[in-house]
Amino acid sequence: MENLVYDPEIIEKRKKKLVKYLRQILCILPYRIISLDTSKMLLTYFSVSGLDILNKLDQLPHTNQDIINWIYNHLISENIRGIESGSCGFRGSTTLVVDQNKNVQNHEYDCSHLTMTFSALNALLTLGDDLSRLNKRAILKSIQALQLPDGSITATNQDGENDVRFLYSTCCVCYILDDWSYIDTEKAFEFIHSCLTYEGAFGQIPGAEAHGGSTFCAVASLFLMNKLICLSDKEIHCLKQWCLNRQQNGFNGRVNKPTDSCYSFWIGATLKLLDILHFTNYDDNINYIFETFDDITGGFSKWPGFSPDPLHTYMGICALSLVNFSNLKKIHPALVISEDAYQKLKIIHENWKN
Amino acid sequence: MSDSESSDDYDSIAIDKNEWSDLNPINQDHETNEICRIAYTENFNDVFGYFRAVLKANEISERAFDLTYKAVKLNPANYTVWFYRRILLKELGKDLNHELKLVTQIIDQNPKNYQVWQHRRNVVELLQDPSKELEFTEKILQQDSKNYHAWQYRQWVNKNFALWDQELDFVSSLITVDYKNNSAWNHRFFCLINTDHSESVLNREVDYCFEKLNLNINNESVWNYLRGLVDLMVKEGWGYPEKVCHFCNLKLESNKEDELSPFLISFKIDYNWTRAIEKKNSDANAVKEFVQQSIQYLNLLAQKYDTIRANYWKYLLSKWKQEFDQYF
């Protein structure tokens with residue numbers, strides 16, 4: 001029996017539905033996703049980059065410049081009292097903005113969030129912005145203030161968690177801004193290394209269970225810092241086997257847990273960075289991802305029959321790109337933007353050097 | 001009233017505008033609301049309209065404190081609201097035990113939200129009272145035995161307050177209920193590392209693994225745990241435990257279809273590699289045996305017992321051939 005997943009007509013239909021789903025994110029969202037109110041920047045990145053990878057950036061529901069301006073409205077470039085408080089960078093939304101001038105910290109509790117800074121930069125690159133409106137030094141000085149003695153980094157200056165996710169966001173930001181001098185990369189490595197468990201992969205903090213999401217964050221961070229070579233041969237071997245063992249048909253994120261489509265990305269990208277993705281079974285993976293595709297809304301969900309959401313939709317698209325499905329754009333497996341966007345970044349880096 | 005607000009909650013989160021007559025709410029800028037626009041309810045706009053005003057004025061008051069409750073009920077993921085609430089908790093000298101009860105309720109309703117667990121941690125740190133914490137995490141784990149936040153939080157309680165006595169019994173009971181609960185196995189290792197991991201304890205743990213593997217040989221959790229134990233024993237200088245070799249060989253030699261777990265096989269292959277490298281220039285016969293057995297097992301994995309990873313097993317085969325070419 002034919003596998004319809006590879007049928008060109010079906011692929012076109014599904015792409016159209018995915019485009020519709022992604023466009024909708026940039027327009028209006030239902031109240032029931034209110035818990036994402038402070039993460040609109042992340043959603044914008046998912047939508048813009050998702051469309052880019054699908055080769056449909058021309059179908060944005062707003063102009064590139066409108067979205068770029070919206071993004072820059074979230075940038076805090078100046079602290080309120082002129083002293084370093086770790087607040088510069090991008091906000092996730094303007095929910096707590098009170099003034100017309102959005103690029104200055106509006107009040108003591110107005111702050112950026114590292115994952116939103118990372119998301120903003122990725123979206124800007126994808127949209128073709130040259131990053132010239134950034135106050136790089138302000139952002140990097142804030143990040144410096146957020147690094148803790150053990151090498152980990154908090155997402156905000158508001159008592160937030162300090163796990164490996166934010167070290168990942170930080171590494172992406174430093175890589176994009178092409179400046180590693182504001183963080184202690186040795187200590188960062190030590191923290192990441194301390195997150196290795198007896199299972200051979202990484203937990204979110206030292207002692208926590210080895211997990212696909214944290215493993216991606218750890219490995220991508222090491223990749224961006226050029227410190228993957230600091231892991232021993234044995235550590236790399238165990239890490240590779242743990243990651244490969246996550247494939248059931250799709251992938252799970254922890255040992256003996258059910259599969260979830262987003263791990264096709266978290267584990268897939270990790271395997272790509274370790275240069276062993278080609279040891280996995282592409283067909284089983286692709287088939288599983290599409291089992292989670294919702295024909296009515298046009299998005300991907302974690303499990304077949306579950307409600308789709310922006311995260312799983314974007315991760316699904318990225319996971320398909322990694323295994324060369326259809327003619328999706330290739331992605332940078334650590335930064336998680338299209339190769340095109342990555343090339344634009346390289347040009348920006350050249351310009352900065354001159 | 002939209003269908004996303006239940007009638008039970010509505011009264012507790014509605015704003016009494018008379019109470020706020022002296023302060024103007026601040027609306028969210030329309031322009032910046034054009035992209036990723038959420039269909040906020042009127043009540044949400046009211047609550048956050050006043051909250052924005054409170055932040056701007058840096059107001060420290062009872063009504064501000066109540067407002068933060070309304071705001072976190074509407075969106076428990078807004079970390080700034082929680083942060084401001086903690087400031088008010090301190091400035092107003094609020095009852096932290098009452099706050100603990102409140103955060104218990106909110107975690108119950110939102111067990112996978114990062115901010116609520118962080119808030120609980122902050123409150124317990126201020127209280128310096130961990131007496132309810134193990135019981136609380138146990139209750140959450142009863143609802144979902146693999147809740148990552150609950151386990152991470154429990155580990156913080158164990159370490160921060162040096163509360164280890166109950167842990168071994170706790171994980172053992174969870175493993176008895178579900179021997180594939182990897183979170184429980186991870187916690188077991190965590191407790192081991194932070195308490196007694198003497199040779200006799202580790203030997204006991206190895207026996208515990210055998211017991212669970214005899215129930216189900218194909219349990220990845222146990223194989224990973226066993227490997228962790230073995231690595232620890234070697235690192236401590238007690239050498240590779242003979243009984244582990246013996247156990248693996250026994251299972252492999254029994255040759256029963258359902259006994260040949262891919263985890264057992266790859267565990268043996270990894271062991272063979274380490275020994276073969278060790279003895280490469282000293283014991284040709286032993287190395288030859290390791291090589292032949294590993295080649296046989298790698299083919300079995302690729303062709304029969306773990307075909308989804310066939311490409312990987314074939315790659316390992318080429319690595320063996322490359323390293324030990326003189327034995328072919």
Taking all protein chains in place and a 1.4 Å probe, what share, in percent, of the accessible surface of chain B do carbon and sulfur account for? 46
Length released on extending from residue B:66 to residue B:164, taking residue separation times 0.36 nm less the Cα-Cα span: 31.5 nm
In the protein assembly as shown the DSSP beta bridges are antiparallel at a rate, in percent to nearest 5, of 75
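Between residue B:90 and residue B:178, how high is the FRET efficiency from 1/(1 + (r/R0)^6) when r is the Cβ-Cβ distance and R₀ = 35 Å? Nearest 0.05.
On the way: r = 42 Å, r/R0 = 1.19.
For R0 = 35 Å, the calculated efficiency reads 0.25.
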For region A:222-354, the charge dipole (Cβ of Lys, Arg +1; Cβ of Asp, Glu -1; about the Cα centre) points to a positive end, and the Cα of A:327, A:298, A:239 closest to that extreme belongs to A:239
Tell me, how many Å apart are the Cα centres for region A:275-354 and for region A:58-81? 24
Angle between chain B longest axis and helix B:114-127 axis [Cα atoms, degrees, rounded to 10]: 80
Would you jot down the residues in region A:192-218 that end up with at least 20 Å² less accessible area in the complete protein assembly than in the chain alone, with a 1.4 Å probe? A:198, A:199, A:204, A:205, A:207, A:208, A:209
Note down the relative contact order for chain A as a percent, whole number, built from C-alpha pairs under 8 angstrom at least six residues apart. 16
How many lysine pairs are close in region B:237-309, with Cα atoms under 24 Å apart and the two 8 or more places apart or on different chains? 18
Enter the per residue convex hull volume of region A:1-82, computed from alpha-carbon coordinates, in Å³ rounded to the nearest integer. 135
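If you take the Cα atoms of region A:257-354, find Rg, then find the Kirkwood Rh from the mean of 1/r over all pairs, what is Rg/Rh? List each step's numbers first, then the result.
Details: Rg = 15.1 Å, Rh = 14.3 Å.
My calculation of the ratio gives 1.05.
Over the residues of region A:295-349, compute the C-alpha Rg and express it relative to 2.2 N^0.38 Å. Let's see the in-between values first.
Working: Rg = 13.5 Å, N = 55, 2.2 N^0.38 = 10.1 Å.
Ratio of Cα Rg to 2.2 N^0.38 Å: 1.34.
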Given a 10 angstrom Cα cut-off, can you work out which residue in A:171, A:262, A:238 is the most mobile in a GNM of chain A? A:238
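Taking all protein chains as present, what is the carbon and sulfur share of the accessible area of region A:11-94, in % to the nearest whole number, probe 1.4 Å? List each step's numbers first, then the result.
On the way: 1650 of 3210 Å².
Answer for region A:11-94: carbon and sulfur cover 52 percent of the accessible area.
Can you list, largest first and rounded to whole Å, the semi-axes you get for region B:17-79 by taking the square root of 5 times each eigenvalue of its Cα gyration tensor? If you can, show how the numbers build up before the last one.
Values: eigenvalues 83, 38, 23 Å².
Semi-axes, largest first: 20, 14, 11 Å.
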To the nearest 10 degrees, how steep is helix B:220-235 against the longest Cα principal axis of chain B, on a 0 to 90 scale? 70
Grab every C-alpha pair in the protein assembly as shown, bin the distances at 20 angstrom width from 0 up to the longest one, and report whole percents. 17, 49, 29, 5, 0
For region B:187-328: relative contact order, % (alpha-carbon pairs under 8 angstrom, 6 or more apart): 16
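Using the per-residue mean of other Cβ atoms lying within 10 Å as a proxy for protection, in what order, highest first, do the peptides B:111-123, A:208-220, A:125-137, B:217-229 fall? Walk me through the numbers before you get to the answer.
Numbers: B:111-123: 20.0, A:208-220: 26.5, A:125-137: 17.2, B:217-229: 22.5.
With the highest mean Cβ count within 10 Å placed first, the list reads A:208-220, B:217-229, B:111-123, A:125-137.
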Roughly how many percent of the accessible protein surface of region A:158-284 is carbon and sulfur, given a 1.4 Å probe and a whole-percent answer? 47
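On average over all directions, what projected area in square nanometres does region A:30-172 have, based on the convex hull of its Cα atoms?
Values: hull surface 36.9 nm².
Quarter of the Cα hull surface area: 9.2 nm².
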Once label points are set 7 Å from the Cα along Cα→Cβ at both residue B:242 and residue B:109, what is their separation, rounded to one decimal in nm? 6.2
Distance histogram in 10 Å bins (all Cα pairs of region B:32-131, percent per bin): 14, 46, 32, 8, 1
Tilt of helix B:133-143 relative to the longest C-alpha principal axis of chain B, in degrees (0 to 90, nearest 10)? 80
Exposure rank, largest accessible area first [A:346, B:101; 1.4 Å]: B:101, A:346
Taking a ≥ b ≥ c as the square roots of the eigenvalues of the Cα gyration tensor, with a/c under 1.5 meaning rounded and otherwise prolate when a/b exceeds b/c and oblate if not, region A:153-244 is oblate
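Taking square-rooted eigenvalues a ≥ b ≥ c of the alpha carbon gyration tensor, is region B:122-206 rounded, prolate or oblate, where a/c under 1.5 means rounded and, failing that, a/b exceeding b/c means prolate? Can you show the working numbers first?
On the way: a/c = 2.40, a/b = 1.32, b/c = 1.82.
Cα axes put region B:122-206 in the oblate bin.
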Under a point spin-label approximation (7 Å from Cα along Cα-to-Cβ), what is the residue A:104-residue A:81 distance to one decimal in nm? 1.6
Förster radius 41 Å - calculated FRET efficiency between residue B:142 and residue A:275, Cβ distance, rounded to 0.05: 0.45
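How do the peptides A:163-170, B:272-279 rank, highest first, by the average count of neighbouring beta carbon atoms within 10 Å per residue? List each step's numbers first, then the result.
Numbers: A:163-170: 25.2, B:272-279: 16.4.
With the highest mean Cβ count within 10 Å placed first, the list reads A:163-170, B:272-279.
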Pull out a ≥ b ≥ c, the square roots of the eigenvalues of the alpha-carbon gyration tensor of chain B, then state rounded if a/c is under 1.5, prolate if not and a/b is larger than b/c, and oblate in the remaining case. prolate
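What is the mean number of Cβ atoms from other protein chains located within 10 Å of the Cβ atom of each residue in peptide A:293-303, rounded to a whole number? Walk me through the numbers on the way to the answer.
On the way: counts 0, 0, 0, 0, 0, 0, 0, 0, 0, 0, 0.
Mean partner shielding for this stretch: 0.
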I'd like the projected area of chain A, averaged over all directions, using the convex hull of its alpha carbons. Report it in nm² with one decimal. 17.9
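Residue separation times 0.36 nm, minus the C-alpha to C-alpha distance between residue A:130 and residue A:233: what's the value? Spell out each step's value before the answer.
Working: separation 103, 0.36 × 103 = 37.08 nm, distance 3.98 nm.
Working it through step by step, the gained length comes to 33.1 nm.
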Work out, step by step, the length gained on full extension between residue B:14 and residue B:57: first 0.36 nm times the residue separation, then minus their alpha carbon distance; give nm to one decimal. 13.3 nm
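The values are calculated or read from the model by the stated rules, or taken from the named source; none is laboratory data. None of these values were measured; they are calculated from a predicted model. Reconstructed Cβ throughout: ideal geometry from the backbone, glycine too, with neighbour counts over all protein chains shown. In case anyone asks, the SASA skips ligands and DNA or RNA and just uses the protein heavy atoms, side chains included. Shrake-Rupley method; radii C 1.70, N 1.55, O 1.52, S 1.80 Å.
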